[in-house]
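Have a look at the structure below before the remarks.
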Amino acid sequence: VGWMLPLVGIPASIAAMAGAAVGLALFGPGVLSAISAVTVQYLAFNLFHFDGLADTADALGVTGDAERRREALKDPRLGSFGVFAAVLTLSARIAALATVLGTGALAWACLALAPAAGRLSALIAAWLAPPSDGSGLGSILSGAKPAAGVAGFVSAASPAALLAGLAYGALGAALAIPLGAAAALLGALPVALWYRKTFGAVSGDALGAAVELGELAVLLFAAAVAA
């Protein structure tokens, strides 16, 4: 079942596209349209992932042993490190989208690819570090076969490849999926390695952080291309 996680990126990308379309219709390209896209996607899909990223940042900022860091993960209150990470990543996401929106097919390819890549990032994190216990999403994902997970990602990212083809021809279509996979790996590696070194396993917060960082990597790359 875990290999299907990247397919959740399809409805998530539809939500982001819907928000972007509304924003573009009301405000034209820019920050307000980017905020519209982010708002719809987060309310529908990403707020739990965002919470995992903030909790991870709080645990990262704690000085002390693994137990103190685990307490920070479980604390429902948000600390300064969590606030900083939340503001920084959300600002970067909005700025990247504001740069990309208005570029035509590239913008829609970016919106389609990022959610699929983010969820592949969570899969990779679960493969790189064992789950914290024998139950929960981490256990389900770690048990997914890599070949099946990659196939799920390719299926979820295929619409993005088609849109990238409209923007950049055959080269864009050919590069979209590999670049999405590379972004997913960039999002997963620091999370999985830190959790494995600190706790010996990944948790739900780790998977949420991986989703957020994998998506952000796609958006930042697209913004660089657009700029």
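The values are calculated or read from the model by the stated rules, or taken from the named source; none is laboratory data. It should be emphasised that the depicted structure is a prediction, and the values quoted were computed from it without experimental measurement. Ideal geometry is used to build each Cβ from the backbone, glycine not excepted, and the neighbour counts take in all protein chains shown. Note: areas computed on protein heavy atoms with side chains; ligands, DNA, RNA excluded. Shrake-Rupley method; radii C 1.70, N 1.55, O 1.52, S 1.80 Å.
Worth a mention:
- Within the option set Ala96, Ala116, being in contact with a Pro (Cβ under 6 Å, 6 or more places away or on another chain), crowded, with 19+ Cβ neighbours inside 10 Å, hydrophobic (A, V, I, L, M, F, W, C) and within 15 Å of Leu213 (Cα to Cα) holds for one residue only, Ala116.
- Applying the condition of being modelled with pLDDT of 95 or more and more than 20 Å from Leu106 (Cβ to Cβ) to the stretch 1-39 and asking which residue is surrounded by the most Cβ atoms within 10 Å (Cβ to Cβ) yields Thr39.
- Pairing each residue of the stretch 29-44 that is free of Cβ contacts under 8 Å to residues at least 12 places away in the same chain with any residue that is open to solvent by less than 60 Å² (accessible area, probe 1.4 Å), provided the two are 6+ apart or on different chains, yields C-beta distances under 8 Å for Leu32/Gly23; Tyr42/Phe50.
- Within the stretch 46-82, tally of residues that are part of a helix (DSSP H, G or I) and open to solvent by 50 Å² or more (accessible area, probe 1.4 Å): 11
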